[in-house]
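Student: Got a structure for you, questions after.
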Amino acid sequence: MLKAIIVEDEPISREILAGYLSRYCPDVNLVAQADSVKTGIEAIQKHKPDILFLDVEMPKGNGFDLLEQLDEINFETVFVTAFGNYAIKALNYSAAYYILKPVSIEELVAAVEKIKQHKQKNQLSLHTKVLLDNIQSNNLQNYKIVLPLQDGFEVVGIKDIVHCKANDNFTDFHFKDKQKKMICRTLKFYEELLGESGFMRVHKSHLINLDHIVKYTRGKGGQLTMADGSVIDVSPNKKDELMIKFEKGR
C-alpha cells in the first residue's frame with residue numbers, strides 16, 4: 001500500500017482527486033490533505049508519504065518552493081497543474097509525473113502504476129531530485145535529463161549528449177564517450193524539449209548539440225563533423241539558421 005498526501009489550495013480540486021484515488025487506485029492510502037506550502041511540509045514530515053500529489057501554483061509559494069524547503073525527499077511527486085507552460089518543460093526534463101487539470105482518471109492510474117513499479121525497484125524520488133537540481137541550476141547545459149529506457153530509465157547530463165537521431169518512434173542518443181542509447185520517445189519530443197538548451201534540428205532525422213560541432217563542410221546544405229566523429233548532413237533549408245546561430249554565438 002502506498003501512503004499519499006494531496007497538497008492543493010482549491011478545496012474542490014482536493015475533493016475530486018481524493019475521490020478518484022479512493023475509487024480507482026486501491027493501492028493508495030490517502031493519509032493527509034493540505035492547502036499550502038506550510039501545511040504541506042508539516043504533513044510530509046508527519047506522515048512520510050510514498051506519493052505526493054502536488055499543485056504547482058498555490059498562494060504564498062509554488063510546488064517547487066515546497067520541495068526545495070525539505071531536508072530530504074524519500075517519495076515520488078505527481079504534479080497537478082492547470083498550466084501547460086514553463087512548468088511542463090522542467091517536468092519533462094526530469095521525466096517527473098504530472099497531470100493537467102481537469103484530472104484524467106487514466107493518467108492518474110497510469111502515474112500510480114509507474115510509481116508502484118519504481119517503489120519495488122527502490123527508485124522513488126529520483127525524478128523529483130533531478131527536477132530540483134535542474135531548477136537550482138542557472139545554466140541549461142548543466143541540466144540533467146531522465147531518459148526512459150525499455151527496462152527502466154537513466155539520468156544523463158545534457159552537455160554529454162552529442163546528437164540524437166530519429167529511429168521511427170524511437171530516438172537514438174549519441175554521447176561524447178561514443179555510447180549510444182535507444183530511447184522510447186520521438187525526435188520531435190526532444191527537439192521541443194532541448195531547443196532552448198543549445199540543440200538544433202539540422203535535418204529531419206538529426207538533432208545536434210551545437211557545443212559538440214567540430215567542423216562544418218560546405219555544400220548544398222553542408223555537413224557537420226561532431227565530437228564523436230559522426231558526420232551529419234544539414235538540410236538546405238536549415239543552413240541559414242545554423243549559420244545565424246554561429247554568428248550570434250548560439
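The values are calculated or read from the model by the stated rules, or taken from the named source; none is laboratory data. Predicted model, so just to flag it, every value in this text is computed and none were measured. Glycine gets a Cβ as well: all are built from the backbone with ideal geometry, and neighbour counts include every protein chain shown.
Student: Among the listed residues M200, M226, M182, identify the single one that is surrounded by fewer than 16 Cβ atoms within 10 Å (Cβ to Cβ), within 28 Å of the chain's Cα centre (by Cα) and of a type in the set (A, V, I, L, M).
Tutor: On inspection, the qualifying residue turns out to be M182.
Table: residues versus (1) under 22 Å from L193 (Cα atoms); (2) touching a residue at least 40 places away in the same chain (Cβ under 8 Å); (3) touching a helix residue (DSSP H, G or I) at 6+ places or on another chain (Cβ under 7 Å); (4) part of a loop (DSSP other than H, G, I, E, B).
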| site | (1), (2), (3), (4) |
| --- | --- |
| N92 | yes, yes, yes, no |
| A95 | yes, yes, yes, yes |
| V103 | no, yes, yes, yes |
| E106 | no, no, no, no |
| Q117 | no, no, no, no |
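Student: So, one more: Checking the condition in contact with a helix residue (DSSP H, G or I) (Cβ under 7 Å, 6 or more places away or on another chain), in a helix (DSSP H, G or I) and of a type outside the set (F, W, Y), which residue from I99, I73, I41, I88 passes? Give the steps one after another, and end with the answer.
Tutor: Values: I99 fails: in a helix (DSSP H, G or I); I73 fails: in a helix (DSSP H, G or I); I88 fails: in contact with a helix residue (DSSP H, G or I) (Cβ under 7 Å, 6 or more places away or on another chain).
Only one candidate passes the filter, namely I41.
Student: Moving on to the next point. Within region 131-153, how many residues turn out to be modelled with pLDDT of 90 or more and among the charged types (D, E, K, R)?
Tutor: Selection size over region 131-153: 1.
Student: Collect the residues in region 232-249 that are loosely packed, with under 11 Cβ neighbours inside 10 Å and under 26 Å from K178 (Cα atoms), keeping them in residue-number order.
Tutor: G249
Student: Hey, could you check region 206-223 for residues that are of a type outside the set (S, T, N, Q) and within 25 Å of F189 (Cβ to Cβ) and say which is farthest from the chain's Cα centre (by Cα)?
Tutor: Here is the first cut: in region 206-223, the ones of a type outside the set (S, T, N, Q) are 206-208, 210-216, 218-222.
Those left that are additionally within 25 Å of F189 (Cβ to Cβ): 206-208, 210-213, 221.
Working: H206: 21, L207: 18, I208: 19, L210: 21, D211: 22, H212: 23, I213: 25, G221: 33 Å.
Within region 206-223, the match that is farthest from the chain's Cα centre (by Cα) is G221.
Student: Another question about this same structure. Sort through N122, N62 and tell me the only one that's of a type in the set (S, T, N, Q), at pLDDT below 85 and surrounded by fewer than 13 Cβ atoms within 10 Å (Cβ to Cβ).
Tutor: None of the other options fit; the residue is N122.
Student: List pairs: first residue in region 185-213 and modelled with pLDDT of 95 or more, second residue acidic (D, E) anywhere in the structure, Cβ distance under 6 angstrom, at least six positions apart or on different chains.
Tutor: R201/E191; H203/D233; L207/E191
Student: Quickly run through region 122-164 and pick out the residues that are touching a Lys or Arg at 6+ places or on another chain (Cβ under 6 Å) and of a type in the set (S, T, N, Q).
Tutor: Residue satisfying the conditions is Q141 alone.
Student: While we're on this one: Answer yes if at least one residue in region 67-75 is free of Cβ contacts under 8 Å to residues at least 60 places away in the same chain, in contact with a His (Cβ under 7 Å, 6 or more places away or on another chain) and of a type in the set (D, E), and no otherwise.
Tutor: Checking region 67-75: not a single residue is free of Cβ contacts under 8 Å to residues at least 60 places away in the same chain, in contact with a His (Cβ under 7 Å, 6 or more places away or on another chain) and of a type in the set (D, E).
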